[in-house]
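What follows draws every value from the coordinates through simple rules; no lab data is involved. Everything numeric here is computed off the predicted structure, so don't read it as measured data. Positions of Cβ are generated from backbone atoms using ideal geometry, with glycine treated the same way; all protein chains shown enter the neighbour counts.
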Amino acid sequence: MLVPMELYNLTLKKGHLSPELTIGWRVGKYVEEFFAGLEDVSIAAARDDDAILALKYLRRQHSLDNQVTIADKATPWDFLFFHATTGTLLGFCLIRHRTQLPYTIRSLETDLVRDNQALTAIYQAALEQLVNALLDQPVTSYCQVRQVRCRRLQTGVASGQEIHCRSCGQPILHQRAWDIEGRICCPTCSGLVPAWQ
């Protein structure tokens, strides 16, 4: 299997090429191209897997900071990127049946430890086929990508003035509110990771 040199180097670092590593690298390259770099981009992921290694690697090429925030609760996205300069939020939701091995193949994983070469060959072939598909297809064929503009509300309002969140109805201080595509939100309903607020 031919893989780009950068991904090959990541594979050497990890010890094996997984679909998650491939997805993290492909999504990271998509975002890198979208924002012309990753310098001012905050990154979050829904779970800690091989994709994080790829995202940290790509981030380290643009900045000394290779921080990737791991969500501590359920999220409506798998990967989230916030470009502070433009106020652009990119959310990626993986299309599971295009990014995972079929159930019949995943069910073989428990039998792989029994040193069954025939099952191992079937599993490896399916894994290689999935990785090739992830490399050959555009990211948008296996991820739903959502772009949102978000910004803090304009300053100049008296300190301590409250406004109501249009999503949950809770009162919030004006200076803590976010304008998400014209909808005024509290930090919780904004969709941003708490560390980015």
(message) Can you compute the FRET efficiency between Arg151 and Lys73 using 1/(1 + (r/R0)^6), with r the Cβ-Cβ distance and R0 = 35 Å? Round to the nearest 0.05.
(response) 0.90
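Using DSSP, restrict attention to beta bridges with both residues in the chain and report what percent are antiparallel, rounded to the nearest 5. Before the final figure, lay out the partial values.
On the way: 26 of 28 bridges.
Expressed as a percentage, antiparallel bridges in the chain total about 95.
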(request) Using only alpha carbon pairs under 8 Å that are at least six residues apart, calculate the relative contact order of region 61-197 and give it in whole percent. (result) 19
(message) Give me the one-decimal nm value for the distance between modelled label points at Ala133 and Ser107, 7 Å along each residue's Cα-to-Cβ direction.
(response) 1.8
(message) Please compute one quarter of the surface area of the Cα convex hull for region 1-67 and express it in square nanometres.
(response) 4.5
(request) With Kirkwood radius over Cα pairs in Å defined as stated, name the option among (i) 17.4; (ii) 23.3; (iii) 18.7 computed from the structure displayed. (result) (iii)
(request) For Gln100 and Asn9, compute 0.36 nm times the residue count separating them, minus their Cα-Cα distance, and round to one decimal in nm. (result) 30.5 nm
(request) Take the alpha carbon atoms of region 82-119, find their center, do the same for region 1-75, and report the distance between the two centers in whole angstrom. (result) 14
(request) Determine the calculated [θ] at 222 nm for the chain from helices alone, applying -39500 (n - 2.57) to every DSSP H run no shorter than 4 residues and normalising by the residue count; nearest 500 deg cm²/dmol. (result) -10000 deg cm²/dmol
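Longest exposed-loop-site-free stretch of the chain, with trypsin sites (Lys or Arg not before Pro), DSSP loop and at most 14 other Cβ within 10 Å? Before the final figure, lay out the partial values.
Working: sites that count: Arg47, Lys73, Arg166.
Between exposed loop sites, the widest span is 74-165.
Give me the extension gain from Cys168 to Asp115: residue separation times 0.36 nm, minus the current Cα-Cα distance, reported in nm with one decimal.
That pair, Cys168 and Asp115, stretches by 13.6 nm at full extension.
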